[in-house]
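Below is one structure; the comments refer to it alone.
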Amino acid sequence: MAKLHFFYSTMNAGKSTALLQSNHNYKESNLKTILFLPKDIAVKSNNKIVSRIGLEAEAISIDNDFNFFKYIKDIIHDDISCVFVDEVQFLEKNQIQQLSKVADELNIPVMCYGIRTDFQGKLFDGSSELLAIADNLNELKTICSECDKKATMVVRLDAEGKVILEGEKVLVGGNDIYKTVCRKHFRELTNLV
C-alpha cells in the first residue's frame, strides 16, 4: 500500500531541494511524477517549485478549491509513480484528506513538504492535518539564526528587522521577512510561548 509522507521543517532547511531531488530520482528511473504548488506561491515562481540552490521543476498551480483525488483519478493515473506537493502548509484540511485517498485508494505514494508552524507558533491547517494522519513524519533540520541549536520556529520581521507579532497568517516571503530560530529564541523574541 502506498503511503502519505510529510517532510516538515522551518524555512531554509532544504525542503524544496529534497522534493526536487526525490522527483529527479523518479525521473532518472523513467517513472512519471506529478508536482503541485499552492497558487500564492506559484504566481511568484512562474508555476515552478524552486529551491534556494537553483533547482526547479514545473508544477501544477492549485487553489483552496482544488480536489486532488478527483484530479488524479480523472487523469490517466495508472502511470503516475509519485505525487509531490510543496508548501503543503497552505492546503486545506480536506485537501490533505484527499491526498490520503490518493495513497489509499489509487495506491500512489504522496510526498508532502512544508512548514509546521507560522510566525506566531501556531500550526498551519495543512500541517496540522498531516501531523494527524500521515503515515510517515520526517523532520528536516536547520540551525537557529541566533545560536547553534536546531531551528524549529520562525519569526516575522518588519522592514527595519524588528519582530512582528501580529498580521495575516499567510505572508509569502523569504529571508527578507522571516528568520529561523529555536524555541528558546522564539520565546525570547516573541513572548508567545
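General remarks:
- Applying the criterion of being buried (at least 19 other Cβ atoms within 10 Å of the Cβ) and under 24 Å from I133 (Cα atoms) to the residues of region 47-68, the residue that is farthest from the chain's Cα centre (by Cα) is F68.
- Index of the failed condition, I177 passing every other in (1) modelled with pLDDT of 95 or more; (2) of a type in the set (V, I, T); (3) out of contact with any helix residue (DSSP H, G or I) (no Cβ under 9 Å at 6 or more places or on another chain): (1)
- Filter result for the condition that a residue is among the acidic types (D, E) and closer than 28 Å to H24 by Cβ, over D118, D176, D158, D135: D135
- Within region 1-22, the residues that satisfy the criterion of being under 25 Å from A132 (Cα atoms) and either among the polar types (S, T, N, Q) or assigned to a strand (DSSP E or B) (or both) are L4, H5, F6, F7, Y8, S9, T10, N12, S16, T17, S22.
- Number of the condition not met by T33 [criteria: (1) of a type in the set (V, I, T); (2) under 16 Å from the mean Cα position of the chain (by Cα); (3) not in a helix (DSSP H, G or I)]: (2)
- Selection over region 132-181 of residues that are free of Cβ contacts under 8 Å to residues at least 40 places away in the same chain, exposed (fewer than 13 other Cβ atoms within 10 Å of the Cβ) and assigned to a strand (DSSP E or B) gives a count of 0.
Conditions (1) part of a strand (DSSP E or B); (2) assigned by TED's automatic domain parsing to the domain that holds V43; (3) buried (at least 16 other Cβ atoms within 10 Å of the Cβ), marked per residue:
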site	(1), (2), (3)
K70	no, yes, no
S81	yes, yes, no
S100	no, yes, yes
M111	yes, yes, yes
G126	no, yes, yes
L130	no, yes, yes
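- The lone criterion from (1) in contact with a strand residue (DSSP E or B) (Cβ under 8 Å, 6 or more places away or on another chain); (2) touching a residue at least 24 places away in the same chain (Cβ under 8 Å); (3) of a type outside the set (V, I, T) left unmet by Q21 is number (1).
- Number of positions in region 23-46 that are modelled with pLDDT of 95 or more and buried (at least 18 other Cβ atoms within 10 Å of the Cβ): 7
- Criterion: closer than 15 Å to H24 by Cβ and in the same structural domain as N30 (by TED's automatic domain parsing) - qualifying residue of I76, I49: I49
The values are calculated or read from the model by the stated rules, or taken from the named source; none is laboratory data. Predicted model only: the values in this text are computed from it and were never measured. Counting neighbours? That spans all protein chains shown, and the Cβs are built from the backbone with ideal geometry, glycine included.
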